[in-house]
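The values are calculated or read from the model by the stated rules, or taken from the named source; none is laboratory data. Bear in mind the structure is a predicted one, so any value in this text is a computation, not a measurement. Reconstructed Cβ throughout: ideal geometry from the backbone, glycine too, with neighbour counts over all protein chains shown.
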Amino acid sequence: TLLNGWLTKPLKARDLKRAIQESVSSSSTTTPAMTATTTATPTKVNNGFAKIAEPFVCGGTAASFASCVIHPIDLAKVRMQLFGQANPAGTPIPGFPTILSQMIKKDGVVSIYKGVDAAIGRQMVYGTARIGLHRTFSNALVERNNGQPLPFLLKTLSGMASGSIAVCIGTPFDIALVRLQADSMVPLDQRRNYKNVF
């Protein structure tokens with residue numbers, strides 16, 4: 001062989017050129033096969049429980065955290081909406097900073113989180129279902145559409161369907177939230193003194 005010849009006689013320029021050419025040609029013949037083998041390997045899709053539950057868990061957690069942060073402002077909004085029923089006509093409606101400061105002075109900081117358990121329960125049901133179902137419906141529609149992006153109409157239908165189902169599930173918690181927030185506005189002898197959402 002050529003290698004044995006190199007070991008028994010001095011290396012010539014033409015032999016070196018020939019070896020380089022053979023090396024290049026052998027590399028060019030094996031590379032396409034290796035590339036074809038690599039690209040032919042199918043990609044496995046992870047459809048396990050963790051992947052399915054991910055949008056539900058992430059959506060519910062994010063919605064619950066946001067509800068805890070925004071709850072004092074939401075409570076002030078409800079009080080502003082019901083202010084006209086508890087006060088004589090023509091009384092100016094105070095802004096939400098005034099309402100919150102008055103609640104803190106009268107009943108402490110805990111008062112501005114009245115009904116927060118109902119708000120968290122609502123988001124754990126409504127927020128989890130709304131975001132999780134929308135992702136689930138969208139993934140199923142994309143799969144039926146051969147992996148192509150969804151048109152606007154299908155995206156709209158997916159959002160409407162997931163939102164409608166979530167509202168039906170979360171409405172009881174929404175009612176409890178409003179009752180808990182409004183109970184502290186009525187006179188003491190008329191309060192129901194709800195302890196929690198249940």
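Among the residues of the stretch 145-162, is any modelled with pLDDT of 90 or more, surrounded by 15 or more Cβ atoms within 10 Å (Cβ to Cβ) and closer than 20 Å to residue 67 by Cα? Among the residues of the stretch 145-162, at least one is modelled with pLDDT of 90 or more, surrounded by 15 or more Cβ atoms within 10 Å (Cβ to Cβ) and closer than 20 Å to residue 67 by Cα, which makes the answer yes. Pairs are defined by a Cβ separation below 8 Å, a sequence spacing of at least 6 or placement on different chains, a first member in the stretch 109-138 that is free of Cβ contacts under 8 Å to residues at least 40 places away in the same chain, and a second member that is of a type outside the set (D, E, K, R) and not in a helix (DSSP H, G or I); the pairs so defined are 138/150. In the condition set (1) within 28 Å of residue 69 (Cβ to Cβ); (2) in a loop (DSSP other than H, G, I, E, B), residue 138 is compliant with all but (2).
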